[in-house]
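**Student:** The structure that follows is given in the form of structure tokens.
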Amino acid sequence: MLKTISRLVFITTLLLTSVPSFADFSLDGKLKLTFPSGAVKELDFPLSYSHKDFDHTFVVGSQSFAVSGQPESYSFAVLLKSNNYVWIQEFSKDQFKSFTLTLGEHNFSLKKQVLNKPVKGDYILTIDGKDYFFQHTLAQINFKFDDDGITEISVDGLVASLGINTSKDPCDEFEEDSDEKKECEFNK
């Protein structure tokens, strides 16, 4: 009897320790791209991991990958092209001018904005309310995951804004007290 109980305890312990535990996560996402032509494209952009038995699937936007287990991390490579437009492989086969993306509770946007001190491509990347500028022509947005989804977002090739480089005022192009300057400031 004791031998039978010992075997059951051993087998139960072995099963509990040898079977990996994976938790699925799924983040709804919405992506909006604006192309140099002015065309706008909106699409669903989910980010998820799921498994059933020995089949593990990782989904990024419209791409689905067979994986060996839950990924620890994933990165978007953000390429600033020589014509000052951007390309991200997971978003589009074509380069684009700007984007907004929501992934669960996280918000991302990339927009052109002329600043008092010029930055590469005149781009500001905003992640959850924090602004970044291109430091290099190749940058990365890095995600780390746990069982619930994204635990950390970091960047490479970008520098965080200190809040001192503000938008350039288009009305500064006109002479002080000129009619053009007054009309520009009136139309802001």
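**Student:** Working carefully through the options S167, S154, find the one that is among the hydroxyl-bearing types (S, T, Y) and at pLDDT 95 or above.
**Tutor:** On the way: S167 fails: at pLDDT 95 or above.
From the options S167, S154, the qualifying one is S154.
**Student:** Would you mind listing the strands (runs of 3 or more DSSP E) fully within segment 50-133 where at least 2 residues are open to solvent by less than 60 Å² (accessible area, probe 1.4 Å) and under 30 Å from L162 (Cβ atoms)? Before you say what the answer is, go through the steps one by one.
**Tutor:** Values: elements: 55-60, 63-67, 73-80, 98-103, 106-112, 123-127.
Counting at least 2 such residues, we get 73-80, 98-103, 106-112, 123-127.
**Student:** Are any of the residues in segment 19-30 more than 20 Å from L103 (Cβ to Cβ), charged (D, E, K, R) and open to solvent by 60 Å² or more (accessible area, probe 1.4 Å)?
**Tutor:** No, that holds for no residue.
**Student:** Follow-up. Got at least one residue in segment 28-35 being more than 15 Å from the chain's Cα centre (by Cα) and at pLDDT 95 or above? Give the steps one after another, and end with the answer.
**Tutor:** Applying the first criterion (more than 15 Å from the chain's Cα centre (by Cα)) to segment 28-35 yields 34-35.
Filter once more, so that each one left must be at pLDDT 95 or above: 34-35.
So far as segment 28-35 goes, yes, one or more of its residues are more than 15 Å from the chain's Cα centre (by Cα) and at pLDDT 95 or above.
**Student:** I would also like to ask the following. Limited to segment 134-156, what total is found for residues that are out of contact with any Gly (no Cβ under 9 Å at 6 or more places or on another chain) and open to solvent by 20 Å² or more (accessible area, probe 1.4 Å)?
**Tutor:** Summing the residues that are out of contact with any Gly (no Cβ under 9 Å at 6 or more places or on another chain) and open to solvent by 20 Å² or more (accessible area, probe 1.4 Å) in segment 134-156 gives 12.
**Student:** Let me ask something else about it. Can you name every residue in segment 38-49 that is open to solvent by less than 100 Å² (accessible area, probe 1.4 Å) and either in a loop (DSSP other than H, G, I, E, B) or within 15 Å of D94 (Cβ to Cβ) (or both)?
**Tutor:** Of the residues in segment 38-49, the ones open to solvent by less than 100 Å² (accessible area, probe 1.4 Å) are 38-40, 43-49.
G38, A39, V40, L43, F45, P46, listed by residue number.
**Student:** Okay, moving on. With the condition kept exactly as written, say whether any residue in segment 40-56 is modelled with pLDDT under 95, over 23 Å from T102 (Cβ atoms) and in contact with a strand residue (DSSP E or B) (Cβ under 6 Å, 6 or more places away or on another chain).
**Tutor:** Within segment 40-56 (the criterion being modelled with pLDDT under 95, over 23 Å from T102 (Cβ atoms) and in contact with a strand residue (DSSP E or B) (Cβ under 6 Å, 6 or more places away or on another chain)), the answer is yes, since at least one residue qualifies.
The values are calculated or read from the model by the stated rules, or taken from the named source; none is laboratory data. Computed from a predicted model, the values in this text were never measured in an experiment. Backbone-built Cβ (ideal geometry, glycine too); neighbour counts: all protein chains shown. Just so you know, the surface numbers come from the protein's heavy atoms only, side chains and all, with ligands and any DNA or RNA stripped out. Shrake-Rupley method; radii C 1.70, N 1.55, O 1.52, S 1.80 Å.
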